[in-house]
Each structure stands twice: as structure tokens, then as C-alpha cells.
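Below: the structure, in C-alpha cells.
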């Protein structure tokens, strides 16, 4: 659930927090960064999908074991 909350907060706050940085990069600074929208999507979307899948699989694994198995695997591994 914590990962889901983090993802939701990132979607809400990423745009307003990135506006000052975008204003700096669009000005006449010492360097220019040209990154297309497709590149940004390819960089952001796969990690989000992997985090959601990993969280789902780990929770399913944890809830699929009993307390004895959870304690046993915690101290062994």
C-alpha cells in the first residue's frame, strides 16, 4: 500500500514541482537538454509497472504463507 500511495503522490506533485526546473532549462542557460516526451514515458512507466507488479507478487507470497513459514524464511534468508 505504501508504494501505491507513493505513486499517487508522485503523479499529483510531479508537474508543479517540475515547473521551476522546466523554466530554467528553457531559458538561455549554459546548456540545453532536449528530451522527447516518448523518452520520458519510456523512462518512467516501466519502473512504475515493475514496482506495482513486485508489490503485488510479494504481498501475494506473504499472505500465502503461514506464520511458521514466514518466521522460518526470515531467519534463514
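The values are calculated or read from the model by the stated rules, or taken from the named source; none is laboratory data. Computed from a predicted structure; not experimentally measured. Because the Cβ atoms are built from the backbone with ideal geometry, glycine has one as well, and the counts that use them run over all protein chains shown.
Couple of notes before you dig in:
- Lone unmet requirement of (1) modelled with pLDDT under 75; (2) out of contact with any helix residue (DSSP H, G or I) (no Cβ under 9 Å at 6 or more places or on another chain) for residue 39: (1)
- Residue 23 at pLDDT below 75 and assigned to a helix (DSSP H, G or I): yes
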